[in-house]
């Protein structure tokens, strides 16, 4: 073993402006999809190989992280002057498989509405599995992991740090997980809008422009386009109502929308109804004798 191999195990060089994990302690990953991603990796019995990269991720040793269909690339600063080049490949779904998935998503308003609102529902994983396209790798050999560091372990700490930063990237934008599998956020939502518009006969609204904030999260500059979806729930019940301006209805704003009876209905009950429902008290406080005395008192003081 060369002396260069030993040099790699020294303290990493400090980095200014690196991608630092937002989680300072405890588990990394807030959303179900990022936690699920890390759970799958840990299920491959990688042991400390994965966890030793956590300190690298929290120290900001990852300089760059790029997600593209089928491949994640990163630069990680170790103890040597030149950062290490990291890549993690996971096969992207072919176009015909994505077409089938998009048909399934567009056919269910629940999934379309949640996706158009920028969220990945928990049930999405089951839909992908049913379509023959699991979102997460089922075996470690589905991932092609490469790092040009001299460490022979796979994953090395540079790959492990990339995995943790990738999980947090999924937290910031869940569509990055789908992008890794071959479909970008803009393409997927455009296709869903088009399919929903065909199904409902409505016009497709302009697609929002996604911008990336400093913390890595994304936001839409244009308003949400869930208007292309048919109304559901209370919205469907109110869809046919005519809205009257408040100025024209101020005099009857507090009036009942339907006529009310002159006097509200009254239920006639005996004064001892509650006593009959409760049953006899315990002997310690008087037993049946107390119940009879209370019944007489209720009748005497009740309305005549």
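To keep it simple, each residue is scored yes or no on (1) without any contact (Cβ under 8 Å) to a residue 60 or more places away in the chain; (2) under 30 Å from residue 50 (Cα atoms).
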residue: 90; (1), (2): no, yes
residue: 97; (1), (2): yes, no
residue: 105; (1), (2): no, no
residue: 112; (1), (2): no, no
residue: 122; (1), (2): no, yes
residue: 128; (1), (2): yes, yes
residue: 139; (1), (2): no, yes
residue: 143; (1), (2): yes, yes
residue: 151; (1), (2): no, yes
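Remark: residue 118 matches the filter, which requires a residue to be touching a strand residue (DSSP E or B) at 6+ places or on another chain (Cβ under 9 Å) and under 25 Å from residue 195 (Cβ atoms).
All of the numbers you see were taken from the coordinates with simple rules; none came from a lab. All figures in this text were calculated on a predicted structure; none of them were measured in a lab. Please note: Cβ atoms are built from the backbone with ideal geometry, for glycine as well, and neighbour counts cover all protein chains shown.
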